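Undergrad: Got a structure for you, questions after.
The values are calculated or read from the model by the stated rules, or taken from the named source; none is laboratory data. In this text the structure is predicted, and so the values were computed from the model without any measurement. Cβ sites come from the backbone with ideal geometry, for glycine too, and all protein chains shown count toward neighbours. We work out accessible area using only protein heavy atoms, side chains counted, and drop any ligands, DNA or RNA first. Shrake-Rupley method; radii C 1.70, N 1.55, O 1.52, S 1.80 Å.
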Amino acid sequence: RRTALQIFSCAISSLLSLPAEQVLLQNWTQSWSTQVADRERLMNKRQHVGAMPNKLEAPSSRQLEDIGNIGVAATSIGTILSFLSELIEVSPRYTQSNIELCFFIRELSTVQSPTEGKLLRDAMVEAQFVARLTCLAVRERSQDLLKHVFPGSSVSLEIVEAISRTETHSANILQVGMNNSGVSGGGNNHASNLMLLEAIGCLLGMPWVKQEPIFYETGEVNRGRAIRALTPRAIEALTDVFEESKPTSSNGMALRDIHHYLQRCGQHVPPQRVDQIFARHAVDEPDGTKLLNLKGFLAYYRDAVHNNEFQVVKELHAFGFRPNLTRRHNDSRWYAADENIGQKRPYLLRESMAIDVAMNHASLSRIHFFSELGLQALIFLNFASTNSNCVAEYLLAVSAYGKDTRRLMFESLDYLHNHIGNWVGGSTDGYPLIIMIFGMLTAIPDDRQLERINTLMVNDDREERRVGLMIMGDRIVREYPNNYQARQHADRYLECIQMIQKQRVISTWISRNRQYCTWMEPEIHPETAHPLQSRSDQSGRRGGGHQNMPVHLQNHDPNAVDESDIDDEDSRSDDDDSIRDVVVRGCGVPEINGVYTRAGSFDGVPKYSQSVRYNGRDEEFSLFRCRLTDNTRRWYISIVPMSSHPGTTRDIDFYAAVPSPSDAMDLPPRKNWMCIPNSGGIMPAPEVYARTVYEDVDENQGPSNIVVDQDQTGYL
C-alpha cells in the first residue's frame, strides 16, 4: 500500500510541474482561502455557520473542480485534495487504513521539489487539513467550535465503535481518545498516532519531524529474536556524537568520559552498569590504557536498539539531531558565553528547538484560525507529547510563533491551579505537559516573548483565575500565613518556576524583577512559617551542633530522608547533566578545596562529593542542597556519615550558603558562603564554580576558564 501511495505522490508532483496545473492549483488554493475567510467573518458577527465543506461551494469557483474540464478550467490536483479532505472527515467512521491516509498526506507534504512542494502544502493548509487532523487526533475532546465546524473528523469513539463492529480488525486502525492522551495503548496505535503528528508537522513546513529509521532487521535470528543493525544515517549521526564527546586529544572515551556522556544524554546509570559497558566494549590501547573507541561505541548502540530504540532517538535528539537525523544549526544549539575568548555554551534543548523554528520561520506554512485553535488545545498537546515529546514541542513552537498565546497560557494556568495540591515532586500526570508548555512558549524568540513571560509570571486577573505563577505564590504565602498546606502549595509553584528558570531568558527576567521574588524566601517573612517548623532540638549535632548559629543557618531536619535523592527524569532540566562537577577554591580549610564530582541527586538537584584525607582520616566532603525545617533551602559543604542521607543532625557542616532569587536554583552559589566555626569551618569562605562537560580545565589553573554570567543563569 505505501509503495503505491509513494508512486501516487510522485505522479502528483510530476503533474504539478506543468505551468498550467500550477496556475489552476493556485486559483483553487485562493478560492479555499476566500471560502474559509468568509466563514470566519460570519463567526465574528456571531452569525450561524455550518460545517466546513470538503469542496469549493462558491458558484464562481466550482468550475475548478469540474471533472469534465480537467486540465482546462479545472485542476486535477485540487480535485484530488478535495477528495482527501472528504476522506479525513469520514475516516473515523471507517477506522481501517487511517494510517495510510496520514502517510499519503505526509508524503504529499514532503515533495522534494521546492516549488511543487510549497504549492501542495499551501493548498492542503488552506483546505484546513491541519485543523481536520487535530480533530481526528482527539475526536470528541476537540473544542466545541471545532466539533461544530468539523463534525466528521471529531466524531466520538463510541460512535466509531458502533459503526465499525462489522469491519475486520486491522492493525492500521487509528485508535484515539481512550484516555486523556488519546492513546489506547499498544505499539500499532503509537505508530498510527505518530504518523498523524508527522503529517501535521510536514504540512506546516517541518519535514524534519518525519522519523528516520535508525535500525533495520538483518534477517538473522538469535535466540528467537530478530537481529537489528544500525542504518547508515544512524551510524553517521552517532559518529558525529562520538567525535564531539570524546576528549579531543584521545582516540576514545575513558571510563569517566562514558559516565559524563551518559549523564549528558539524560541517563543516570549506576556505576556498576557503566563498568559493564566499559568492560564489554572498550579495548586496550598500545600505551596500556583502555578506551571505548568508535567501533565499541557503535557496538554499544547496536545493542541498545534491541532493547530500547526510543532511548537512542532521545539521545540523538539531545545532541541536536531532529527526528529525520538532520541537525539543527549551530547557532540554535550554542551561544557565546564569552566572545573575547570564543567560549560557547549549549542552549537548553527546548530553547534550541524554539530558535530552530525561528530560524526557519520564513519557510513554514501559514497558521490559520482553526488550525491554531486545534494545535494550541491542551488536550491535543497532551496527545502529541504522549506519542512524541519532540514533535509536540515543534508543533507548539510553530503554532505559537508570533501569535497571541494567552488562551493556551490561561488554560494551562487554570489546569495548574486546579491540580497543584495533587502534584508532589512533579510525579503526577499533567505536570511534564504543563512545564513543557510554559517552557516552550517562553522560549520562542519573537516579538511576543516578553508578553508571554509577563503573562505566565505576573498576570493578575483573580476573577477569571488568570493568575501568574509569581502572583499566585506570593498571594498564598501572604493570605494564609499559618497554613502549612498552603505553604506546600506555594512550594509547588516555586518548583514550576525553578524548572523554567533554567532558561536564560527566564533567569534574566527574574533578576530584573526581584520585587516579585520575596515570597520565595520565607525568612524574609517570618510570619509565614508554621509554628511546627521551628527547630527545638540541636543536641544530636556532631561537632557541637548549631546552638550558637543564627536561625537562618541552623541545619536540617534531624529525621530528614528526602525522596528526591532518587533521580526523576521528568523533573530535570534537559541540560542539567552538562554540569559534570564543581570546583571549590579559596577555602580556609585546605582539604575542602578541589574538584567535586557529581554523585547522584538530593532535594531534586545534583549533589557533589570528593574524597580526601582530613584530620588523619579518609573522609568524603559533600556539597549539596537541602530543605530546612522552616521549609527554606540552603547549600552546605559537609561531611555526611557513611550510610546516611545528607541533611540530618549527624552531618558535620563547614560552610553554608543561602541561594538568592537570581542564582540558578539547581547549582550552588558562587559567592556569599558563610563559615560555620562550631563545626570546623575556617575563614575565608570558599567560592564555588560550576564546570561543564564541554570544558577540559586544568584543576591547578584556577577558575579562569570558567564562565559565570550572574545576569543570565547564575552559573553556566
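Undergrad: Touching a residue at least 24 places away in the same chain (Cβ under 8 Å), surrounded by 17 or more Cβ atoms within 10 Å (Cβ to Cβ), in a loop (DSSP other than H, G, I, E, B) and out of contact with any Gly (no Cβ under 6 Å at 6 or more places or on another chain) - does that describe any residue in the stretch 612-628?
TA: no
Undergrad: Identify, by number, the condition in (1) open to solvent by 30 Å² or more (accessible area, probe 1.4 Å); (2) at positive phi that L325 doesn't meet.
TA: So the condition that L325 fails would be (1).
Undergrad: Is it the case that the stretch 484-499 has a residue that's in contact with a Lys or Arg (Cβ under 7 Å, 6 or more places away or on another chain) and either under 17 Å from D414 (Cα atoms) or open to solvent by less than 10 Å² (accessible area, probe 1.4 Å) (or both)?
TA: Checked the stretch 484-499: no residue is in contact with a Lys or Arg (Cβ under 7 Å, 6 or more places away or on another chain) and either under 17 Å from D414 (Cα atoms) or open to solvent by less than 10 Å² (accessible area, probe 1.4 Å) (or both).
Yes/no per residue for (1) out of contact with any Gly (no Cβ under 7 Å at 6 or more places or on another chain); (2) within 26 Å of Q47 (Cβ to Cβ); (3) among the basic types (K, R):
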{"position": "I77", "(1), (2), (3)": "yes, no, no"}
{"position": "L81", "(1), (2), (3)": "yes, no, no"}
{"position": "L87", "(1), (2), (3)": "yes, no, no"}
{"position": "F104", "(1), (2), (3)": "yes, no, no"}
{"position": "Q112", "(1), (2), (3)": "yes, no, no"}
{"position": "A131", "(1), (2), (3)": "no, yes, no"}
{"position": "V138", "(1), (2), (3)": "no, no, no"}
{"position": "D144", "(1), (2), (3)": "yes, yes, no"}
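Undergrad: Anything in the stretch 43-100 that is closer than 30 Å to E161 by Cα, in a helix (DSSP H, G or I), modelled with pLDDT under 90 and open to solvent by 40 Å² or more (accessible area, probe 1.4 Å)? List them, or say none.
TA: V90, R93, listed by residue number.
Undergrad: Return yes when L292 is at pLDDT 90 or above, open to solvent by less than 20 Å² (accessible area, probe 1.4 Å) and either farther than 27 Å from P207 by Cα or over 26 Å from the mean Cα position of the chain (by Cα) (or both) and no when it is not.
TA: yes
Undergrad: Still on this structure: Which of the residues belonging to the stretch 15-40 are farther than 23 Å from V130 by Cβ and among the small types (G, A, S)?
TA: Answer for the stretch 15-40, where residues must be farther than 23 Å from V130 by Cβ and among the small types (G, A, S): S17, A20.
Undergrad: Of the numbered conditions (1) surrounded by fewer than 22 Cβ atoms within 10 Å (Cβ to Cβ); (2) modelled with pLDDT of 85 or more; (3) under 22 Å from Y431 (Cα atoms), Y480 fails exactly one; give the number of that condition.
TA: (3)
Undergrad: Related question: Answer yes or no: is there a residue in the stretch 589-604 that is more than 31 Å from the chain's Cα centre (by Cα), surrounded by 22 or more Cβ atoms within 10 Å (Cβ to Cβ) and at pLDDT 90 or above.
TA: There is at least one residue in the stretch 589-604 that is more than 31 Å from the chain's Cα centre (by Cα), surrounded by 22 or more Cβ atoms within 10 Å (Cβ to Cβ) and at pLDDT 90 or above.
Undergrad: Take the stretch 211-227 and flag every residue that is within 30 Å of S109 (Cα to Cα) and open to solvent by less than 60 Å² (accessible area, probe 1.4 Å).
TA: Once the filter is applied, which keeps residues that are within 30 Å of S109 (Cα to Cα) and open to solvent by less than 60 Å² (accessible area, probe 1.4 Å), the stretch 211-227 yields E212, I214, F215.
Undergrad: Now for a different question. Given the condition assigned to a loop (DSSP other than H, G, I, E, B) and modelled with pLDDT of 90 or more, answer yes or no: does some residue in the stretch 259-272 qualify?
TA: No, because not a single residue in the stretch 259-272 is assigned to a loop (DSSP other than H, G, I, E, B) and modelled with pLDDT of 90 or more.
Undergrad: Does T455 meet the test of being at pLDDT 90 or above and either closer than 24 Å to D666 by Cα or over 21 Å from the mean Cα position of the chain (by Cα) (or both)?
TA: In short, no.
Undergrad: Something else about it: Considering only the stretch 273-291, state which residues are outside any helix (DSSP H, G or I) and farther than 19 Å from F242 by Cα.
TA: P286, D287, G288
Undergrad: Is it true that L413 is within 21 Å of R141 (Cα to Cα), open to solvent by less than 10 Å² (accessible area, probe 1.4 Å), touching a Leu at 6+ places or on another chain (Cβ under 9 Å) and in a helix (DSSP H, G or I)?
TA: Against the criterion (within 21 Å of R141 (Cα to Cα), open to solvent by less than 10 Å² (accessible area, probe 1.4 Å), touching a Leu at 6+ places or on another chain (Cβ under 9 Å) and in a helix (DSSP H, G or I)), L413 qualifies.
Undergrad: Now a separate question. Hand me the list of strands (runs of 3 or more DSSP E) wholly inside the stretch 648-699 holding 2 or more residues that are at pLDDT 85 or above and open to solvent by 10 Å² or more (accessible area, probe 1.4 Å).
TA: Ranges flagged: 673-675, 687-692.
Undergrad: Also, quick follow-up: I'd like the full set of residues that are open to solvent by less than 10 Å² (accessible area, probe 1.4 Å) and of a type outside the set (F, W, Y), limited to the stretch 629-638.
TA: T632, R634, I637, S638
Undergrad: Got at least one residue in the stretch 102-116 being farther than 17 Å from F370 by Cβ, assigned to a helix (DSSP H, G or I), at pLDDT below 90 and in contact with an Asp or Glu (Cβ under 9 Å, 6 or more places away or on another chain)?
TA: no
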